[in-house]
Each structure stands twice: as C-alpha cells, then as structure tokens.
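Take a look at the structure below.
Every read-out reported here was derived from the displayed coordinates using simple, explicitly stated rules and does not represent laboratory data. Quantities reported herein were computed from a predicted structural model and do not represent experimental measurements. Reconstructed Cβ throughout: ideal geometry from the backbone, glycine too, with neighbour counts over all protein chains shown.
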Amino acid sequence: MAFEVAKVRSCYPALADGYAYLDGAAGTQVPPSVIDAISGAYEAGIGNSAGAFPASERSDAMTAACRAAVADLVGGEPDGVVLGPNMTTLTYRIAGALADTWREGDEVIVSRLDHDANVRPWVQAASRAGAVVRWAEPDPVTGELPAEQYSDLLSDRTRLAAVTAASNIIGTRPDVPAITALARAAGALSYIDGVHATPHGPVDIAALGADFYATSAYKWSGPHVGAVIAAPALLETLRPDKLVPSPDDVPERFEFGTPPFADQAGVAAAVDHLAGLDPAATGPRRQRVLASMAAAHEHEQQLFGVLLGGLEEIRHVTTYGKAANRTATAYFTVAGMAPPQVAAHLASRKINVWSGHNYAWELTGVLGIRDSGSAVRAGLVHYNDRSEVDRLLEAVAELG
Ligand SMILES: Cc1ncc(COP(=O)(O)O)c(C=O)c1O
C-alpha cells in the first residue's frame with residue numbers, strides 16, 4: 001500500500017511549526033508516544049536499578065524493554081545491546097576494550113567515507129597500541145567505496161575493519177556484506193557505523209555480517225541514546241575498564257554509571273512507532289519494523305529522485321556523490337555562495353538544512369571542499385513530503 005505521509009506527519013507535533021525539517025540526518029523529531037513514554041516514566045515514579053521496590057523494578061523494565069526494542073530494530077539479541085549516551089562515546093569505549101587485545105604491528109582499517117566518530121577512536125586506539133592504520137578510499141567522483149580494495153588492505157595482522165553502512169553527507173551505502181565477508185575470512189572483526197543508515201531502511205546485522213553495529217536513537221524518532229549491538233559471546237571476550245562493584249555481566253559490563261531510564265523508555269516507544277509506519281504490517285514487532293522501514297525507504301527514495309533531479313537541473317548548483325545505492329541525503333554547493341550563507345537563506349525561507357563538513361572530516365577532504373566550507377546537506381526521512389522538497393528547490397533556484 002502507498003506510504004501515507006500525511007498521516008505519518010500528523011504524528012510529529014514539531015512539524016506543525018511551518019519549517020521544512022530537512023535536517024533529519026542531524027537528528028529527527030519525535031512523536032507524542034515517545035514524549036509520553038518519557039514523561040510517563042517520571043510521572044509513575046522512577047528508581048535506581050536493582051532495588052526491591054516497584055519504582056526500581058519499573059526502571060529495570062525500561063532498560064530491558066529498550067534492549068529488546070533495539071534488538072528488534074536491527075535484528076540482534078537483547079543481551080547483545082550495549083546502551084550509552086551516543087555512538088561516539090560507545091565507539092571510544094569499544095575501541096578501548098578492543099585495543100587492549102591489539103599488539104604492536106597489528107593493523108586496523110578505517111575508511112575516508114566515514115563520519116569521524118568511526119575513524120578517530122580507532123586511529124587513536126591504534127596509535128596507543130602500536131597498531132598500523134590502513135585507509136579505505138572512496139572514489140572522489142562517484143562517492144562509492146569499492147569493496148574490492150579490502151582484499152589488498154586486509155592481512156593476517158588485521159584485527160578490525162571499521163566502516164559505515166551509509167555516509168552521513170553523500171548517502172553512499174557501501175557493500176558492507178562484501179567488506180565484512182573479506183574481513184572475517186582474514187580473521188578480522190568488523191565495526192559498522194549504522195547511525196546514518198538505520199533510519200533509512202530495514203537493517204539486519206546478520207545479513208550485513210557486522211560483528212559490531214552502532215546506532216543512535218535520536219536519528220530515528222527517539223531520544224538521545226546510543227547503542228552498539230554485538231553477539232553476547234563476542235562481548236564476553238572483552239574486558240573494558242569498569243568500576244569494581246558495577247555489574248560484570250554482558251552487556252552491562254560496557255555501560256557506565258546510572259543510565260537515563262526514562263529516555264530508554266522513549267527508545268522502546270520510538271521502535272514501536274517505527275513498527276507502525278506501515279499500518280498494514282502485521283506479526284511480531286521485528287516483522288512490522290522490517291515492513292515499515294521498507295515502506296519508509298521506498299517513500300524516501302521516490303522523494304529523493306525529485307530532490308536530486310531538481311537540484312541537478314539548477315545551473316548554479318553542484319551536487320556531490322552519485323553512488324548507485326545511497327540514502328536520501330543530498331549534498332550540494334551554490335556557485336558564488338558560501339554554504340553557511342545558503343543555509344541562512346534557506347532558514348529565512350523556513351527550511352532547515354545543515355552546512356559544513358558535518359564531521360565527515362576525511363570525506364570532505366577527499367572531495368576537496370573541506371577548506372571552502374564544504375557544502376549544504378538536505379536530508380530526507382520518512383516524515384518529509386513533496387511540498388518540502390518543492391520549497392527547497394524553489395528557494396535554491398532563487399539564488400541564481
Ligand atoms: C554516520 C554517523 N556516525 C556517527 C555519528 C555520531 O553519532 P552520535 O551523535 O550518536 O555520537 C553521526 C552523527 O551525526 C553520524 O551521522
């Protein structure tokens with residue numbers, strides 16, 4: 001059935017303020033069910049973990065429900081869901097734990113397609129361990145990240161390949177299953193940054209072949225909570241720094257201090273919300289998530305065709321990236337205008353976009369635009385509609 005975008009939009013009160021929210025790649029709006037789950041958690045009475053009284057039991061139930069929901073979203077096991085404040089913090093944490101197992105001369109592979117949060121934690125951990133960093137290179141013209149290069153980058157010393165499931169500026173979706181298969185054959189682990197990819201379609205970490213998969217709920221209609229998903233047996237092999245009295249079980253071993261229980265309740269509500277994006281979807285939540293995210297993907301891609309086609313027709317616009325498989329994320333410059341000026345003009349037309357490198361530090365370097373302010377990013381998510389795309393195209397066309 002057709003994706004009912006008007007109905008979906010009505011679930012997001014923030015969208016009623018007259019602005020076109022084309023800034024979803026930096027963070028999404030939330031539906032009332034998420035807001036209610038968070039405020040309801042506080043209203044009901046909240047306690048710290050592992051107490052003998054109901055408020056504490058409710059908090060522990062929120063954590064358990066959050067793990068189960070994230071597992072349903074990406075196809076993992078609840079006991080393999082490590083929760084934390086955001087992807088960057090969690091990646092530093094996992095990098096520290098993994099690097100403790102690295103020896104001088106070991107190798108790690110990072111990519112210049114990635115957000116810096118899936119680059120620098122590995123580069124810095126490698127430096128401390130005396131490990132060598134090898135770089136996978138995107139094609140500056142197409143924005144593709146050819147998977148074949150990993151055959152040359154991998155060796156019997158490679159311990160980890162870190163790569164994104166989608167670029168947060170040009171949307172490229174590399175062939176992650178091919179990369180992880182090569183890594184596994186060489187005896188290396190894979191760490192997949194799913195922060196940008198997760199909101200744009202169905203995710204199955206087994207099909208991706210990901211040993212670790214990172215995501216952030218604020219990119220998919222949830223609150224500011226991050227998660228790294230891995231097989232519990234793999235997490236058991238790692239010994240991160242931790243307090244002596246804190247739980248040594250998996251996944252708690254990787255989690256620091258008292259978590260935001262109410263926000264965790266919001267994460268579970270966000271996954272329930274996503275599972276309902278396709279009202280015709282039936283069955284267990286995992287099945288409904290897959291169907292709904294497939295419907296959302298189709299809607300976004302159809303709209304992206306209009307956005308990209310429209311931008312490419314405007315003579316004073318240059319677009320970046322043309323990967324065959326990409327998220328609905330456009331990255332462009334306007335001749336004679338600095339990206340922040342373009343963003344300010346669009347804001348004056350009530351259109352929210354981002355400008356700059358957006359932490360895709362290496363990639364904006366590869367594209368040769370980092371020193372000139374990079375470009376403007378207009379990203380679509382499931383709640384964007386045709387009128388917003390048309391408004392953006394009109395406002396950009398005015399700049400000629
Ligand atoms: C692809 C990608 N990776 C990582 C991050 C960092 O995520 P977090 O803000 O959860 O640390 C972002 C944030 O924009 C991102 O887009």
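Counting every other Cβ atom within 10 Å of each residue's Cβ, LEU346, LEU22, LEU238 order from fewest to most as LEU238, LEU346, LEU22.
When you filter the GluC sites (Glu not before Pro) in the range 84-171 for DSSP loop state and at most 11 other Cβ atoms inside 10 Å of their Cβ, you are left with GLU104, GLU148.
For a paramagnetic label modelled on GLU137 (point 7 Å from Cα along Cα→Cβ), amide N atoms under 16 Å away belong, within the range 92-126, to 110-114. Taking the fewest neighbouring Cβ atoms within 10 Å as the starting point, the ordered list for THR237, THR91 is THR237, THR91.
Placing a label point 7 Å from the Cα of GLN302 along the Cα-to-Cβ direction, no residue of the range 18-32 has its backbone N under 11 Å from that point. For the range 210-263, a/c is not less than 1.5, where a ≥ b ≥ c are the root eigenvalues of the C-alpha gyration tensor, and a/b does not top b/c. That puts it in the oblate class.
Span-like helix check, the chain: qualifying full DSSP H segments, with Cα axial length of 18 Å or more and mean Kyte-Doolittle of -1.0 or more, are 54-74, 261-275, 285-313.
Please work out whether the chain counts as rounded, prolate or oblate from its C-alpha gyration tensor, where a ≥ b ≥ c are the square roots of the eigenvalues and a/c under 1.5 means rounded, while otherwise a/b larger than b/c means prolate and anything else oblate? Here the chain falls in the oblate category. For LYS219, a cut-off of 22 angstrom between C-alpha atoms picks up these lysines, skipping any fewer than 8 places away in its own chain: LYS7, LYS350. Shown is the FRET efficiency for SER127 and TRP361, computed with R0 = 22 Å from the Cβ-Cβ distance and rounded to the nearest 0.05: 0.85. Placing +1 on the Cβ of every Lys and Arg and -1 on the Cβ of every Asp and Glu, with nothing else charged, gives the range 1-69 a dipole about its Cα centre of roughly 140 debye. The alpha-carbon atoms of the range 314-400, seen along their principal axes, cover 33, 30, 23 angstrom, with the largest extent given first. Measuring between their Cα centroids, the range 45-103 and the range 352-376 lie 33 Å from each other.
Highest GNM mean-square fluctuation among ALA44, ALA265, ALA65, for the chain modelled with Cα contacts below 10 Å: ALA44.
With a simple spin-label model that places each label point 7 Å from the Cα along the Cα-to-Cβ direction, the separation between ALA50 and TYR19 comes to 4.2 nm. Over the residues of the chain, the helix contribution to mean residue ellipticity at 222 nm works out to -12000 deg cm²/dmol, using -39500 (n - 2.57) for each DSSP H run of at least 4.
If you run the Gaussian network model on the chain, springs between alpha carbon atoms under 10 Å, then out of ASP193, ASP272, ASP152 the most flexible one is ASP152.
Ranking ALA294, PRO279, ALA269 by Cα position along the charge dipole of the range 226-331, where only Lys, Arg, Asp and Glu carry charges on their C-beta atoms, puts ALA294 farthest toward the positive end.
Summing +1 for each Lys or Arg and -1 for each Asp or Glu among the other residues whose beta-carbon sits under 10 angstrom from that of ALA395 gives 0. Considering only DSSP beta bridges where both residues belong to the chain, give the percentage that are antiparallel (nearest 5). Given both bridge residues lie in the chain, the antiparallel proportion sits at roughly 50 percent.
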